[in-house]
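Working notes, beginning with the structure itself.
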Amino acid sequence: MAAQTPERVRELIWHELGPFTVFDVETTGMSPVNDRIVEIAAIRVEADGELRRFQTLLNPGRPIPSAATSVHHITDEMVKDAPHFKEAAKQFLELAEESTLVAHNALFDLGFLQESLARTGMPLWRGKTLDSLRLLRKTHPGLPSYSLQSLRAYFQLPSEKGMNAHRAGADVEWTVKVLEIALTEALKRSAQR
């Protein structure tokens, strides 16, 4: 009687670990306490791979310093009629509900999100979080740089017309790709054990 070979177990696809809500913010500066968010974008990745997107400029209620504008190219004129944080946060939190919140260098983005939620009297994010930068350092050690723009070049991530670095919409699209690369590698390694 021939020995039976075990059935091959289907390998997980990275998004099946989700849902994830990948997000990015652009701000008036580097301090979550003293500065404000001027743009927020998010992509929710469902466990079945379905994507839902959210993006809006925000009126910070104060002038945007020229140093910040030189990075993200968001001007006072662009945000003068934009919603304030509290209005947009409700939509963002509905999108992110019961998912893992993901950001590249999450301390920065989460710091601004939490401070802004607290400032406007909204409940803080208490769900799971994941830093794609820290994850990628584990799955791909020794890269020359882990900045999103360096990773974009290193992994040759696609850039569609109108996708500008340091704008929340483009950065969140690239972060989804970085998350896919890191989680795919992590799953591959765990399957080899």
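Just so it is clear, none of the values below were taken in a lab; they were calculated from the coordinates. Note that the structure is predicted; figures quoted are calculated from it, not measured. As a convention, Cβ positions derive from the backbone with ideal geometry for all residues, glycine included, and neighbour counts pool all protein chains shown.
Observations on the model:
- Simple spin-label estimate for R137 and W125 gives 1.9 nm between the two label positions (7 Å along the Cα-to-Cβ direction from each Cα).
- Whether segment 87-130 is rounded, prolate or oblate, judged on the alpha carbon gyration tensor where a/c under 1.5 counts as rounded: oblate
- As a calculated quantity, the FRET efficiency between I13 and S159 at R0 = 35 Å, using C-beta atoms, amounts to about 0.90.
- Within a Gaussian network of the chain (alpha carbon springs, distance under 10 Å), most fluctuating of A89, A103, A42: A89
- The lysine pair tally for segment 14-192, using Cα distances under 21 Å and a gap of 8 or more places or different chains, is 8.
- Sorting the segments 110-117, 126-133 by their residues' average number of neighbouring beta-carbon atoms within 10 angstrom, most packed first, yields 110-117, 126-133.
- Cα shape, the chain, gyration tensor, a/c 1.5 rule: prolate
- In segment 14-192, the DSSP beta bridges split such that about 70 percent are antiparallel, to the nearest 5.
- For the chain, the longest principal axis of the alpha carbon atoms and the long axis of helix 168-192 meet at an angle near 20°.
- Computed over segment 1-100, Kirkwood Rh from alpha-carbon pairs, angstrom: 16.0 Å
- Using R0 = 22 Å, the C-beta based FRET efficiency linking H73 and S147 works out to 0.75.
- Projected label distance in nm at N34 and L51, using a 7 Å step from Cα toward the beta-carbon: 3.7 nm
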